[in-house]
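The values are calculated or read from the model by the stated rules, or taken from the named source; none is laboratory data. This structure is a prediction, so every number in the text was calculated from the model and none was measured. Every residue, glycine among them, receives a Cβ derived from its backbone with ideal geometry; neighbour counts consider all protein chains shown. Note: accessible area is taken over every heavy atom of the protein model, side chains too, but ligands, DNA and RNA are not part of it. Shrake-Rupley method; radii C 1.70, N 1.55, O 1.52, S 1.80 Å.
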Amino acid sequence: MQEIDRTRRVGELIKRELSDLIFSQVNDDRIRGVTIIQVSVSPDLRNSTVYFSMLEKPADKKSIEKVLNKSSGYLRKHLSKRLVMRTTPALSFKYDDSIERGLSLVQLIDSLNAAHDQ
């Protein structure tokens, strides 16, 4: 249980710092609208998966994911300067479409309710 709390705390810390880094340090317009949703850290704290979304629906999610993964070394280096940790976890970015799926479900429910009311 203590290990789970530790990885969760580290994940939240990385999420906060990474969000700030992307906003303030990265000058690539393709990833300006990126929002970090969650960071999952391995129990040994060596690897992390960063789940992200975008406010605007990107035309090519895979290319944004690729850009972020190519920037992972740069971001990890800057994270290591901000975090007080023995090692900074490696970063692996994955697009999270749960917000889009949630919106489509809400739209589907609304359309079913509208059809039922008629």
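Pairs of Lys residues in the chain are counted when their Cα atoms are under 23 angstrom apart and they lie 8 or more places apart or on different chains; the count is 20. Sites listed here are GluC sites (Glu not before Pro) in the range 16-118 whose DSSP assignment is loop and whose Cβ has at most 15 other Cβ atoms within 10 Å: Glu56. Solvent-accessible surface (1.4 Å probe) assigned to Asp29 amounts to roughly 130 Å².
Return the carbon/sulfur percentage of the accessible area of the chain, one whole number, probe 1.4 Å, all protein chains in place. All intermediate terms of the calculation are to be shown ahead of the outcome.
Values: 4200 of 8190 Å².
Its accessible area is 51 percent carbon and sulfur atoms.
Per residue, the chain reaches -18000 deg cm²/dmol at 222 nm when only DSSP H runs of four or more residues are counted, each adding -39500 (n - 2.57). Taking P(r) over Cα pairs in 10 Å bins from 0, in percent as calculated from this structure, the corresponding entry among (i) 13, 40, 25, 13, 7, 2, 0; (ii) 14, 48, 33, 6, 1; (iii) 12, 30, 19, 20, 13, 4, 2, 0 is (i).
Ranking Gln2, Gly33, Ala90 by Cα position along the charge dipole of the chain, where only Lys, Arg, Asp and Glu carry charges on their C-beta atoms, puts Ala90 farthest toward the positive end. With R₀ set to 25 Å, the beta-carbon distance separating Gln25 from Asp5 gives a calculated FRET efficiency near 0.30.
Between Ser63 and Asn113, the C-beta separation translates, for a Förster distance of 35 Å, into a calculated FRET efficiency of about 0.40. Taking trypsin sites (Lys or Arg not before Pro) across the range 37-118, the ones in a DSSP loop with at most 16 further Cβ atoms lying within 10 angstrom of their Cβ are Arg46, Arg86. With every protein chain in place and a 1.4 angstrom probe, the accessible-area ranking of Leu91, Leu55, largest first, reads Leu55, Leu91.
The slack in the chain from Thr35 to Arg16, taken as 0.36 nm per residue of separation less the alpha-carbon distance, amounts to 5.8 nm.
Less than 5 angstrom separates the built amide H of Ile37 from those of Tyr51, Phe52, Ser53, all sequence-distant by 5 or more or on a different chain. Measuring with a 1.4 angstrom probe and ignoring ligands and nucleic acids, Ile37 comes out at about 50 Å² accessible. Heavy atoms of the protein chains alone define the surface here; on that basis the chain has 69 Å² accessible area per residue at 1.4 Å probe size.
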